[in-house]
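> Pasting a structure below so you can have a look.
The values are calculated or read from the model by the stated rules, or taken from the named source; none is laboratory data. This one's a predicted model, so the numbers in the text were calculated from it and none came from an experiment. Note that we place each Cβ from the backbone using ideal geometry, even for glycine, and neighbour counts take in every protein chain shown. Areas reflect the complete protein model, heavy atoms only, side chains present, ligands, DNA and RNA absent. Shrake-Rupley method; radii C 1.70, N 1.55, O 1.52, S 1.80 Å.
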Amino acid sequence: MTEQSPALDNLLTESRTFPPSETFSAQANATADFYAEADADREAFWAKQAERLHWDTKWSQVLDWTNAPFAKWFVGGKLNVAYNCVDRHVADGHGEQVAIHWVGEPGDNRDITYAQLKDEVSKAANAFESLGITSGDRVAIQMPMVPEAIFAMLACARIGAVHSVVFGGFSPTALRSRVDDQAAKIVITTDGQYRRGKAAPMKVNVDEALEGAESVEKVIVVRRTGDEVPITEGRDLWWHELVDGQSAEHAPQAFDSEHPLFILYTSGTTGKPKGILHTSGGYLTQAAYTHHNVFDHKAGEDVYWCTADIGWITGHTYIVYGPLANRTTQVVYEGTPNTPHEGRHWEIVQQHKVSIYYTAPTLIRTFMKWGNEIPQKYDLSSLRVLGSVGEPINPEAWIWYRENVGANSAPIVDTWWQTETGAIMISPLPGVTATKPGSAQKALPGISAKVVDDQGVEVGKGGGGYLVLDKPWPGMLRGIWGDEERFRETYWSRFADQGYYFAGDGAKYDADGDIWLLGRVDDVMNVSGHRISTTEVESALVSHPTVAEAAVVGATDPTTGQGIVAFVILRGNAVDGGEEAVQELRDHVAKEIGPIAKPRQILVVQELPKTRSGKIMRRLLRDVAENRQVGDVTTLADSSVMDLISSGLKSGK
Ligand code: PRX
């Protein structure tokens, strides 16, 4: 397997544990006997969790795995996902409870109750239907964190349309490839978005993306920044003109438990992003179950805040579906954490008395850099559970989070999961688990995960290898949109004999048998918790006319987890590889994929290290990028290449 970086190795020397307080345990949603209960009868356990939802028709079978790896959960069951997230809370007498405390970046606010949410979602559902959108149609959404983005997602769910949210920071090229892949009929966007105190355009990028896009019939535009935008007659509609006048009554129809809910694209090891498909009943069951137990959420009491963007799976499962299914009151914040100042998050926590806060290690490390005195200025005493997601959290950041945000008492849940898993898979349970800084510890009750060696044999305590999921779970992906073969090949072929799902992550058991995640073992980088494939960035670089060849590696970065470092050979070697050329290449990658994929560093080299069969040895490039002694070069076709690269870099060539 890929060797681990020294920083990750350090994770494993951690020995502190933090048992839950008696007071916390006494009131916790989860109890220790959940594990035994789930082990005794997994399907019965999941059936019990599914009872958390409203089913119009009850299922006849919990799991059908006969067509593995294509699972069917709650077979024959029918439900409406939006009804479960909205209407039933109103019907239960909680219409006046705030669902969303929306906080705009410039300081505007909007509180939306469940009753109002029901009206907004119903109006949007009526509007979409008036455009001819029906069950199974695809709707692409590229929007900032405005309430309408959530209304739009739920309205799709309500009418059985399949949404596909594309992160707002993705380029027109990236949006276009996603729109084409799923043949989206409708695209929803905003005029612009607030980012770091400034209004930035959005609609014009969508226009650029959609030039000649054949599947797209309508573009719906939400007014956010008020900036003037070009309108294409016959195609573009303003949200307020289309939606506001609609009836707030809309009868939700029940859909099959396996009805597609959304497609979310994620990077794989090849250049083309994968459209991960999730369906309804199983996904919502696991989203609601994990949100309830992992965050110890109490409806009507807690104020919850997940800082993710709806463009990622965390935003889908832990802003939209899990929390709303559980009748959560939550904060949704539009902007960046340092606008207008570095205490913005803590100010919001104080103002809304946030009690559950879920964020990413990269942001925790950024808060550390900004200084302890910043959170200290605010009253954070409402916080009682803290979560982390997206990448391994280093013990130093974990401890900082506990001391400076959690007043040395709030349990920290380090949650491991993926776009593909749909919901949390490995995590401590607050009130049950004695937490360990840096370890996600144990598969949740009902979930089964193992660390195995090359042959698929489980390793013992203290052993390392690959993380696999050896039993199907309700929130699992149901495929890659339009590419059954890729689905089998990507996740199920590595351990085909055993029938294991291979997650792409390295992992290790410690002496107690707890799981430590060690990062990706494939060509996928994790930059600030975002998955970016090396191949995708390489393709973007070689699409620039000056680049002959490119190799990209993820190098350990103290803040972002990994940073993108690119090695490029310029065409004819005649072109000047100076500062300006490098800047142009960085901008080119941002244009092709999006600013999140901009390489931290681009090094112009004369050669790339390759094996005799022509495979680039990224391991050696990582050594260079991380300023380490270059490792074993004996398998290189030409072993002097590394000397050439190193000396070229030293002389600044
Ligand atoms: O490498 C793992 C890392 O993020 C990958 C999944 O990325 P994505 O599909 O974008 O979903 C991110 C949010 C769920 C995983 O393969 N990862 C995620 N959470 C953790 C993690 N690595 C270590 N510890 C975590 N808690």
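> Which of the lysines could a cross-linker span from residue 377 if the Cα-Cα distance has to be under 18 Å and same-chain partners fewer than 8 positions apart are dropped?
Partners within reach: 353, 369.
> Tell me what the chain gives for mean residue ellipticity at 222 nm when only DSSP H runs of n ≥ 4 count, each as -39,500 (n - 2.57), the sum divided by the residue total, rounded to 500 deg cm²/dmol. Intermediate values should be presented prior to the final figure.
Numbers: 20 runs with 179 residues, N = 653.
My calculation for the chain gives -7500 deg cm²/dmol from helical runs alone.
> Let me make sure I get this right: for the range 18-170, a, b and c are the square roots of the gyration tensor eigenvalues over alpha carbons, sorted descending. Under 1.5 in a/c it's rounded, otherwise prolate if a/b > b/c, else oblate. Which is it?
On the way: a/c = 1.86, a/b = 1.26, b/c = 1.48.
The shape class here is oblate.
> Does the range 528-650 classify as rounded, prolate or oblate by the C-alpha gyration tensor (a ≥ b ≥ c root eigenvalues; a/c under 1.5 gives rounded; else a/b over b/c gives prolate, otherwise oblate)? Spell out each step's value before the answer.
Working: a/c = 1.66, a/b = 1.21, b/c = 1.36.
Since a/c reaches 1.5 but b/c is at least a/b, the shape of the range 528-650 is classed as oblate.
> For the range 528-650, what is the accessible area per residue in Å², given a 1.4 Å probe and the full set of protein chains?
Details: 5570 Å² over 123 residues.
Computed with neighbouring chains in place, this is 45 Å² per residue.
> For the chain, what is the Kirkwood estimate of the hydrodynamic radius, computed as the reciprocal of the mean inverse distance between distinct Cα atoms, to one decimal in Å?
Working: mean 1/r = 0.0392 Å⁻¹.
The Cα-based Kirkwood calculation yields 25.5 Å.
> Just subtract the alpha-carbon distance of residue 208 and residue 643 from 0.36 nm times their residue separation and send over the number in nm, one decimal.
152.2 nm
> Further question on the same structure: Find the relative contact order for the chain and round it to a whole percent, using C-alpha pairs within less than 8 Å whose residues are 6+ positions apart. Present the calculation step by step, with values, prior to reporting the outcome.
Values: 1414 pairs, mean separation 88.0, N = 653.
The value is 13 percent.
> Kindly point out which whole DSSP H helices in the chain project their C-alpha atoms 15 angstrom or further along the helix axis while averaging a Kyte-Doolittle hydropathy of 1.0 or above.
On the way: long enough: 114-130 (24 Å, -0.60); 147-159 (18 Å, 1.35); 172-182 (16 Å, -1.16); 281-294 (19 Å, -0.47); 579-592 (20 Å, -1.20).
Passing helices, by number: 147-159.
> Of 272/591; 72/442; 58/118; 298/471; 508/615, which sit over 19 Å apart, Cα to Cα?
Cα-Cα > 19 Å for 72/442; 58/118; 298/471; 508/615; rest within.
> FRET efficiency for residue 600 and residue 233, Cβ-Cβ distance as r, R0 = 35 Å, nearest 0.05? Write out the running numbers ahead of the final one.
Working: r = 43 Å, r/R0 = 1.24.
That gives a FRET efficiency of 0.20.
> Would you mind classifying the range 82-135 by shape? Square roots of the alpha carbon gyration tensor eigenvalues, ordered a ≥ b ≥ c; an a/c under 1.5 is rounded, otherwise it is prolate if a/b is larger than b/c and oblate if not. Show your work: numbers first, answer last.
Details: a/c = 3.11, a/b = 1.27, b/c = 2.45.
Taking the square roots of the gyration eigenvalues as a ≥ b ≥ c, the range 82-135 is oblate.
> Using a basic spin-label model with each label point 7 Å from the Cα along Cα→Cβ, how many nm lie between residue 368 and residue 351?
With each label placed 7 Å out from Cα toward Cβ, I get 2.9 nm.
> Same structure again: Length gain on complete extension for the stretch residue 75 to residue 632, per 0.36 nm per residue less the alpha carbon to alpha carbon distance? Before the final figure, lay out each step's value.
On the way: separation 557, 0.36 × 557 = 200.52 nm, distance 5.31 nm.
The span from residue 75 to residue 632 would gain 195.2 nm if fully extended.
> To the nearest Å, what is the center-to-center distance of the range 425-479 and the range 27-80, using C-alpha atoms only?
19
> Measure off 7 Å from each Cα along the Cα-to-Cβ vector at residue 454 and residue 134, then give the distance between these two points in nanometres to one decimal.
In this crude spin-label approximation the distance works out to 5.5 nm.
> Assuming R0 = 56 Å, what is the FRET efficiency of residue 408 and residue 240, from their Cβ-Cβ distance, to the nearest 0.05? Could the numbers behind the result be given before it?
Working: r = 48 Å, r/R0 = 0.85.
That gives a FRET efficiency of 0.75.
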